Amino acid sequence: MAEFDNDEMSRLKRFWAGNGSALVIGVVLGLVVIIGWQGWQWYQDRQAVKAADIYQQIEPALAGDSVDDKALETVERLKNDYADTPYAADAAMRLASQYVQQQDYDKAREQLVWVSENAANEGVAHIARVRAARLLWTQDKPDEALSLLDSEHPAAFDALYAETRGDILAAQGDREGAYKAYQIALESLPPDIATRALETKIADNAPADAADAPTDSNSASS
């Protein structure tokens, strides 16, 4: 038994002599990764709490008809220092809405473009991009709006992008282009979304030799 124990101990010593350093380094690196991740999570949580506190200070102004210089500076602070939190994007989106109400479309679009490029939430970013495209259309810049809608986006947003494209093309008198865009939008809609509005747009822009406007089983629930 003693000879067996000595043999095993010798093997262990030889293994440790050849691999001990690598094992220690591996353990240390693993601890660094774990501690680093926990530290990052703590930092992110701390940033979110701070951003929430700052957002609460300007929420009444964002809910009103206009914001003062102090509120504007606070929105910029959120965008500069807390861009990774949802509060920065939400503040910019709401500020853009106020600018739209004031018909200050350039400033509104500036906020929306920032959100589209910086929002932590992908869905919010794409909504902001489509709204920016609609503002360009409102400013009589349809080509720029259509170019913005050419941006890559997940399939989940195909309907939103395609319907907006259809609206712009229809306004330009491009019935064929609008018809195709609306068809794409209709085909991309989730099954539980009402379709009547899109079907109406399709019917309004259908070519003369097209069959009856497409129907969808969801329209009964619209």
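The values are calculated or read from the model by the stated rules, or taken from the named source; none is laboratory data. Just so you know, these numbers come straight off a predicted model, no measurement behind them. With ideal geometry, Cβ positions are generated from the backbone for all residues, glycine too; neighbour counts draw on all protein chains shown. Only protein heavy atoms, including side chains, enter the accessible area calculation; ligands, DNA and RNA are left aside. Shrake-Rupley method; radii C 1.70, N 1.55, O 1.52, S 1.80 Å.
Below is a table of values for the structure above.
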item: HN-Hα J in Hz across the stretch 175-189 - Karplus 6.51, -1.76, 1.60, θ = phi - 60°, x for Gly and Pro; result: 5, 5, x, 5, 4, 5, 5, 5, 4, 4, 4, 5, 5, 8, 5
item: Accessible surface of the stretch 94-160 [probe 1.4 Å, protein heavy atoms]: carbon and sulfur percent; result: 44 percent
item: Projected label distance in nm at Asn80 and Arg196, using a 7 Å step from Cα toward the beta-carbon; result: 5.0 nm
item: FRET efficiency, 1/(1 + (r/R0)^6) with R0 45 Å, evaluated for Gln56 and Asp140 via beta carbons; result: 0.70
item: Inter-label distance, nm, simple model (7 Å from Cα along the C-beta direction), Glu152/Glu110; result: 3.0 nm
item: Average accessible area per residue (Å²) across the stretch 102-167 - probe 1.4 Å, nucleic acids and ligands excluded; result: 51 Å²
item: Listed residue (Ala203, Pro191, Ala162) projecting farthest to the positive dipole end of the stretch 162-213, Cβ model; result: Ala162
item: Spread of Cα-to-Cα distances over 10 Å intervals beginning at zero, given as percent, for the stretch 63-222; result: 11, 33, 31, 18, 6, 1
item: Label point distance in nm, Lys70-Glu122, each placed 7 Å from Cα along Cα→Cβ; result: 4.0 nm
item: Solvent-accessible area of Lys141 with every protein chain in place, 1.4 Å probe, in Å² to the nearest 10; result: 70 Å²
